[in-house]
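Below you'll find the structure, written out as structure tokens, and then a few comments.
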Amino acid sequence: MRLLAVLIGLSVFLTTTIFAQNITIKMYKTSKKNQGVAIGVVRAKDTPSGLLLMPHLKNLSPGLHGFHIHQGHSCKNAGMAAGGHLDPKKTHKHLGPYRQGHLGDLPVLLVNKHGVALKPVIAPRLTVADIKGRTLMIHAGGDNYKDTPKKLGGGGKRVACGVIN
């Protein structure tokens, strides 16, 4: 019986490890013309706790930045072609990654004093399958997950974007 339990546990572990989806998203500074300068990548991986996003980014301003999955599949026109935050249930609410608003709301991205972002975040309501064909956006400012005093958390300008293939 104990051997059976170990084999089942090993099988589940191997299945989730081998078949867990893992993608790399190339990130670029936004630009009105074509594609901007490359700033690194964000790796996304399914985990039992949700979507793990592991940034390896440089040349960003220090501090907290709004970080979202946008519904569109293009970063053209300074990121505006990416459309709004992913919201398939049409909640029209910006409530953050842990409440039932936009599905695309992610935890904020922390950029250190050297302009580098390496701290991973978990998006508990998302999977790799949910984000394929969308865009990953970094905003100039932080995010308070409210529409006040400024709409969509006050993140402002779209400073970096990556198409999720």
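State all residues of the range 104-137 that are outside any strand (DSSP E or B) and under 15 Å from VAL41 (Cβ atoms); if no residue qualifies, say none.
Those that are outside any strand (DSSP E or B) and under 15 Å from VAL41 (Cβ atoms): VAL116, LEU118, LYS119, PRO120, VAL128, ILE131.
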Practice problem: Test each condition in (1) more than 22 Å from ALA81 (Cβ to Cβ); (2) open to solvent by 50 Å² or more (accessible area, probe 1.4 Å) for VAL111 and report the one that comes out false. | Solution: (2)
Quiz item: Within the range 34-74, which residues are open to solvent by less than 40 Å² (accessible area, probe 1.4 Å), in a loop (DSSP other than H, G, I, E, B) and more than 21 Å from ILE122 (Cβ to Cβ)?
Solution: GLY36, GLY72, SER74
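If only one of SER49, SER11 is modelled with pLDDT under 95 and polar (S, T, N, Q), which one is it? Walk me through how you get there before you give the answer.
On the way: SER49 fails: modelled with pLDDT under 95.
Only one candidate qualifies: SER11.
Among the residues of the range 75-101, write down those that are under 22 Å from ASN165 (Cβ atoms) and in a loop (DSSP other than H, G, I, E, B). Full working, then the answer.
Residues of the range 75-101 that are under 22 Å from ASN165 (Cβ atoms), as a first pass: 75-88.
Passing the criteria: CYS75, LYS76, ASN77, ALA78, GLY79, GLY83, GLY84, LEU86, ASP87, PRO88.
The values are calculated or read from the model by the stated rules, or taken from the named source; none is laboratory data. The model shown is predicted, which means the values in this text are computed figures rather than measured ones. In this analysis, Cβ positions are derived from the backbone assuming ideal geometry, glycine residues included, and neighbour counts consider all displayed protein chains. Calculation scope for accessible area: heavy atoms of the full protein, side chains included, ligands and nucleic acids excluded. Shrake-Rupley method; radii C 1.70, N 1.55, O 1.52, S 1.80 Å.
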